Ligand SMILES: [Zn+2]
């Protein structure tokens, strides 16, 4: 079982319901601020900050507490308690910049959580939220739209979240999904690198690479633009950083989604990735020697891939990549001399893509440790010479317009 959160937009909201949602969000803000005021005054008077249980008792009669389902009100007090504890532990650790949780803006609409008995999922993408007795209506029925690739499992709680930028309401739906891993199928082995962000090999004899140039170009562009800023705290610089992060994250999502789709198309049940142990000193840097390795998103790729693959019933397994780049796939000898040309592994009269040799050796190590052998070894070794090259194409070509893109196989 895996717990996931789906973000669904509330749609077809009528004015009457919008007003009610606004009231719930407003009540949540009022309760937060009232509870915070209570904490601080008790703290001033007695020198002791009241805890969660004491607040639940004290604020039960509070008007705003009663305008939310009781579990929702308790959740807000619980969140505040967590914030106080977190601040307290920061302070204890000597962090002098840590501030106690503050008050929320009066006109902000806070998140309202609906737990077990306070909601009911209905067919046709609808949810029934139950309201406390204070209201004339006992419930509110909302219609929502899930993201295209999401199917809900067993729903555990629903959070009602307001997005002030667009004025839309969202439901953050926490649900549990049963994952059934498939036991039989092909194996995909991945070598992560810089010149090629991915070099992959599938046991059906298909091999592919994804050059890292697009991501490098993105990083270079934003580093150059940021260098033009006078201060790192300037508005322009902060905006550039946000945009850089957005575009990088989009690239990584598309990359990992594309990998999972490729795995599905090739009937893959297991994906192997080389386990990274710190900085790989021997890695071929190409002409980007100045790039800092820590900035390269290896672990982000692995975590996104693991999550997306699991939803497709595919396991991701880490395999040690020690000496996987120096072992010849043909004669199995370790040879540092083999990497004669950049990007090419030349030995036994063959010139193979060096990163694919890495992927091949990761696969061999996994098979050896599992006591298995590769059914079609010559076919798979042959694939190391002719990978399909996949390029990331941004939908808009200027760096400023790089918000969306897809992978295309190069001709
Ligand atoms: Zn050899």
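Over the chain, what is the relative contact order in whole percent, taking alpha-carbon pairs under 8 Å and six or more residues apart?
On the way: 649 pairs, mean separation 63.2, N = 411.
Contact order relative to length: 15 percent.
Helical content of the chain, expressed as a calculated mean residue ellipticity at 222 nm, amounts to -12000 deg cm²/dmol (DSSP H runs of 4 or more residues, -39,500 (n - 2.57) each, divided by residue number, nearest 500). Fewest-first ordering of 392, 103 by other beta carbons within 10 Å of each residue's beta carbon gives 103, 392. Between 378, 132, 148, the GNM of the chain built on Cα springs shorter than 10 angstrom shows 148 fluctuating the most.
Inter-part distance, segment 56-111 to segment 138-157, computed on C-alpha centroids, equals 27 Å.
Among 84, 65, sorting on how many other beta-carbon atoms sit within 10 Å of each Cβ, with the fewest leading, yields 84, 65. Taking other C-beta atoms within 10 angstrom as a stand-in for reagent exposure, 49, 76 fall in the order 49, 76, fewest first. Largest GNM mean-square fluctuation across 238, 319, 389, computed for the chain with C-alpha springs under 10 Å, falls on 238. The C-alpha atoms of the chain define a longest principal axis, and helix 213-227 lies at about 50 degrees to it. GNM on the chain, C-alpha springs below 10 Å: top fluctuator among 113, 335, 270? Largest GNM mean-square fluctuation: 335. Packing-based ranking of 165-174, 365-374 yields 165-174, 365-374, ordered from highest to lowest mean Cβ neighbour count within 10 Å.
How fast does segment 2-177 diffuse by Stokes-Einstein, in µm²/s, taking the Kirkwood radius from C-alpha pairs at 4 °C and 1.567 mPa s? Please report the intermediate quantities before stating the final value.
Values: Rh = 17.5 Å.
Translational D for this selection: 74 µm²/s.
Using only the alpha-carbon atoms, how far is helix 354-369 inclined from the longest principal axis of the chain? Give it as 0 to 90 degrees, nearest 10. It works out to around 80 degrees.
Each reported figure results from applying straightforward, stated rules to the coordinates on display, with no laboratory input. From a predicted model like this one, the values you see are computed outputs, not experimental measurements. Quick reminder, even Gly has a Cβ in these numbers, built from the backbone with ideal geometry, and neighbours come from all protein chains shown.
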